[in-house]
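The values are calculated or read from the model by the stated rules, or taken from the named source; none is laboratory data. Note that the coordinates shown come from a computational prediction; the quantities given were computed from them, not determined experimentally. All Cβ positions, glycine included, derive from the backbone under ideal geometry; neighbour counts span all protein chains shown.
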Amino acid sequence: MNKKLAMMAVSAMCALTVGSLCVGCSGTQATTQNTEATAARTYMSQVNQTMETLDEKLDNFVDAVSRGDSVGMKTQADKALEALSALDSIETPDQLKEVQDGYKNGADCLKQALTDYVTLYTTQDASAINADQLATIQAKYDEGVAALKEADKKAAEALK
């Protein structure tokens, strides 16, 4: 009888040990998922903050353009370029690398459009600027905006 009781005790201890190991595994998995979710939220928060800063800088740029202020235009474009460059330095979680590539592509297009626009208006007389030059810059800008919107859609899908 004691042997039978001892075997039941050992069996119970084995079952408890295996059970606690399984709980530990699921706890680790939950912790990993929480960490990934936190990293994704942090990433998106930083992207959103960068985009808000960019929006503000672009508003200031547009204001300088409307006043014909080439010095202000250059200054505000440089500030917008800094905001766009900030996207590159955001630490990106693995599950959002493709999203980051989209943001980077959009930022690169916008950088090019801003740089070309400032160069165009600061090196040429305004009367010498033709519609084709502006159309090329506008197309690059539109490409950048489209890439940013596509990255936003991918981010929303990835975070479902």
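Cβ-Cβ below 6 Å, separation at least six or inter-chain, first residue in segment 54-69 and closer than 19 Å to Ser85 by Cα, second in a helix (DSSP H, G or I) and modelled with pLDDT under 90: which pairs?
So the pair list comes out empty.
Which condition does Leu159 not pass, out of (1) within 15 Å of Tyr43 (Cβ to Cβ); (2) free of Cβ contacts under 8 Å to residues at least 60 places away in the same chain; (3) surrounded by 13 or more Cβ atoms within 10 Å (Cβ to Cβ), if it passes all the others?
Only one criterion in (1) within 15 Å of Tyr43 (Cβ to Cβ); (2) free of Cβ contacts under 8 Å to residues at least 60 places away in the same chain; (3) surrounded by 13 or more Cβ atoms within 10 Å (Cβ to Cβ) is unmet by Leu159, namely (2).
Being under 30 Å from Lys149 (Cβ atoms), hydroxyl-bearing (Ser, Thr, Tyr), modelled with pLDDT under 90 and out of contact with any helix residue (DSSP H, G or I) (no Cβ under 6 Å at 6 or more places or on another chain) is the requirement here; does Thr17 meet it?
In short, no.
Does Ala83 satisfy the criteria of being surrounded by 13 or more Cβ atoms within 10 Å (Cβ to Cβ) and either modelled with pLDDT of 95 or more or closer than 30 Å to Asn34 by Cα (or both)?
yes
Residues are listed down the side, and each one gets a yes or a no for (1) part of a helix (DSSP H, G or I); (2) in contact with a Lys or Arg (Cβ under 8 Å, 6 or more places away or on another chain); (3) crowded, with 18+ Cβ neighbours inside 10 Å:
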{"residue": "Ser45", "(1), (2), (3)": "yes, no, no"}
{"residue": "Leu54", "(1), (2), (3)": "yes, no, yes"}
{"residue": "Asn60", "(1), (2), (3)": "yes, yes, no"}
{"residue": "Thr75", "(1), (2), (3)": "yes, no, no"}
{"residue": "Gln100", "(1), (2), (3)": "yes, no, yes"}
{"residue": "Gln112", "(1), (2), (3)": "yes, yes, no"}
{"residue": "Tyr117", "(1), (2), (3)": "yes, no, yes"}
{"residue": "Asp132", "(1), (2), (3)": "yes, no, no"}
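Against the conditions (1) at pLDDT 90 or above; (2) loosely packed, with under 15 Cβ neighbours inside 10 Å; (3) within 19 Å of Glu150 (Cα to Cα), where does Asp88 fall short? Just the number, please.
Of everything listed in (1) at pLDDT 90 or above; (2) loosely packed, with under 15 Cβ neighbours inside 10 Å; (3) within 19 Å of Glu150 (Cα to Cα), Asp88 misses just condition (1).
Could you look through segment 93-146, keep only residues that are in contact (Cβ under 8 Å) with a residue 12 or more places away in the chain and of a type in the set (Val, Ile, Thr), and pick out the one that is farthest from Thr75 (Cα to Cα)?
Val99
Answer with yes or no whether Gly72 is in contact with a helix residue (DSSP H, G or I) (Cβ under 9 Å, 6 or more places away or on another chain), at pLDDT below 95 and on the phi > 0 side of the Ramachandran plot.
The answer is no for Gly72.
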